[in-house]
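Enquirer: Pasting a structure below so you can have a look.
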Amino acid sequence: MLATSLTKKNKIQIEDYNFERDIENRLFLSSFSQIEVTVLEEILNSSLHIDLDRLARTVDLDEKELSPILDRLESVGLLTKALTYIAVDKEMRKYFETQVVKFDESFEPNFDYIKSCLKKVPIDVLPNWYSIPRTSNDISSSIMEKYLLTPRIYQRYLSELVFDDPLLDSILDDVFSSPDLKVSAESLRLKYRLSFQEFEEYVLHLEFNFVLCSTYEQKDGYWEEIITPFHEWRQYLLFLKNTEPKSLPPAQVSFLHRGHFGFIRDMSSLLNSFAKNTSNSEIPFDKLTLSGEDIPQKERDAYICHLIEKMVDLQLVELDDNRYRTLPLSDQWLKWNLEEQGVALYRSDFFGFYGTDLPEELLTERNLREVERSLSRMTNKGWVLLDDFIKSMFAPVGNHCEVALKKVSRRWCYLIPNYSVEEKKFIELVITQRLMESGLVVLGKYRGQRAFCLTPFGQSLLTD
């Protein structure tokens, strides 16, 4: 899933800090029961000197039950037991505060967690690990901008990431190919025959490379270690997965036009009628054989008027003495094949949407190109519902910016655009008018809902 390049060497060396102690503490925490986590959290949330009787009452344990838990915590240097109280080590408390959050049901291995991991590493080491200026005033922000700021930046970083040990790539592929983007640490350890310590060393490499993180989920009274992508990236990937438009069965889709290039065929049919009308007689519009299905007369009239407007815009016809007369360019138009006519329409003014009024600030080439770039995801998808496609979009249309890491209500996320009614209408009209008219998409209906499909011509034009 993740392509790698041999052009860049991985510069992260966990030996540059006290990683053995880090692994020792991680293994220590991974064996905790739910009640042990409760005691640890209470200690971390209290003062540096804690009365033993008060602690026992708070966690609802008697001395015999509490004592072995405190002995375990004392063995790793978090506290020192006295006769009636415990003394908590200030520096060790800071460390465990960053780790115990993993046991909270609401914990997210997010960018803030990544920043807390970086604090364990000497600050002068970080510029050696990551390509950031040594003069940076905010190393965490520099790292975010360099590696994580947008999906595009992060995907490029992943594509260039190289590990010396291929097993890291295997773990990476296992997690990213899992249905919900998370895998139990135990299953990975068993699969690759790793000891607990070896596995945690791999996890450290993956965390410091901003690829995967460990967290915990309750299971049978204990906490099961889980490996996932960092939270913001996992949420973004799940958004892509959950909004991916489903391909529709072609046999159940009714076409708006018979075949591809329906609008162009209709326009050429009408143009031929004008060219053959040498006697200035009335064009019998009601007898024209258009390629669309039967439609109400009012809609049919509006459609014919739009066909004529397009021909006028393209300087194929003009209104002369209340009759439409063909112009010299019409001869060339009728000699072109359908794809040449489609290119001519595609390159013409795209602001000619009919049947609606949109704010001028939406009618920009940038917005148009963003919609078209989004359509490249539909290559080989076949028929999809129009509304489903719009729900899957995250392009910076209208007032929206490129998807990027932002803090919303104190939580980081890759902020997905929430399109307004007018922005959705613009996206819809780009597809159902401009791209349909140019032959890049074909329109239809599936169980009463609007559907579309990229034509081979559209795929070749939009994905080059």
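The values are calculated or read from the model by the stated rules, or taken from the named source; none is laboratory data. Because the structure is predicted, anything quoted here is derived from the model rather than measured. Positions of Cβ are generated from backbone atoms using ideal geometry, with glycine treated the same way; all protein chains shown enter the neighbour counts.
Enquirer: Among helices (runs of 4 or more DSSP H) lying entirely in region 1-114, which contain 1 or more residues that are more than 27 Å from Ala185 (Cβ to Cβ)?
Expert: Working: elements: 19-30, 34-44, 52-59, 63-75, 90-100.
Ranges flagged: 52-59, 63-75, 90-100.
Enquirer: Are there any strands (runs of 3 or more DSSP E) wholly within region 389-464 with 1 or more residues that are farther than 30 Å from Leu148 by Cα, and if so which?
Expert: Output list reads 441-446, 449-454.
Enquirer: Still on this structure, please answer the following. State which residue is modelled with the highest pLDDT when the search covers only region 247-290 and only residues that are surrounded by fewer than 10 Cβ atoms within 10 Å (Cβ to Cβ) and either in a helix (DSSP H, G or I) or in contact with a strand residue (DSSP E or B) (Cβ under 7 Å, 6 or more places away or on another chain) (or both).
Expert: The selected residue is Ala251.
Enquirer: Could you grab me the full set of residues in region 236-246 that are aromatic (Phe, Trp, Tyr) and either part of a loop (DSSP other than H, G, I, E, B) or within 17 Å of Phe389 (Cβ to Cβ) (or both)?
Expert: Applying the first criterion (aromatic (Phe, Trp, Tyr)) to region 236-246 yields 236, 239.
Of everything in region 236-246, just one residue is aromatic (Phe, Trp, Tyr) and either part of a loop (DSSP other than H, G, I, E, B) or within 17 Å of Phe389 (Cβ to Cβ) (or both), namely Phe239.
Enquirer: A further question follows. Starting from region 178-193, take each residue that is free of Cβ contacts under 8 Å to residues at least 12 places away in the same chain and list its partners that are part of a helix (DSSP H, G or I), counting only C-beta distances under 6 angstrom and pairs at least six apart or across chains.
Expert: What qualifies is Arg189/Phe199.
Enquirer: Just for region 370-419: of the residues that are within 27 Å of Leu256 (Cβ to Cβ) and β-branched (Val, Ile, Thr), which one is surrounded by the most Cβ atoms within 10 Å (Cβ to Cβ)?
Expert: Looking at the filtered set, the residue picked out is Val397.
Enquirer: Let me ask something additional. Please determine whether any residue of region 226-235 is of a type outside the set (Val, Ile, Thr), crowded, with 20+ Cβ neighbours inside 10 Å and in a strand (DSSP E or B).
Expert: The answer is yes; a qualifying residue exists.
Enquirer: Also, quick follow-up: Restricting to region 143-168, count the residues that are touching a residue at least 24 places away in the same chain (Cβ under 8 Å) and either more than 28 Å from Glu198 (Cβ to Cβ) or not assigned by TED's automatic domain parsing to the domain that holds Arg234 (or both).
Expert: 5
Enquirer: Let me ask something else about it. Could you check region 151-200 and list, in sequence order, the residues that are in a loop (DSSP other than H, G, I, E, B), among the acidic types (Asp, Glu) and over 26 Å from Leu29 (Cα atoms)?
Expert: Asp164, Asp165
Enquirer: Looking only at region 25-49, filter to residues that are closer than 14 Å to Phe96 by Cβ, touching a strand residue (DSSP E or B) at 6+ places or on another chain (Cβ under 9 Å) and at pLDDT 85 or above; which one of those is surrounded by the fewest Cβ atoms within 10 Å (Cβ to Cβ)?
Expert: The selected residue is Leu48.
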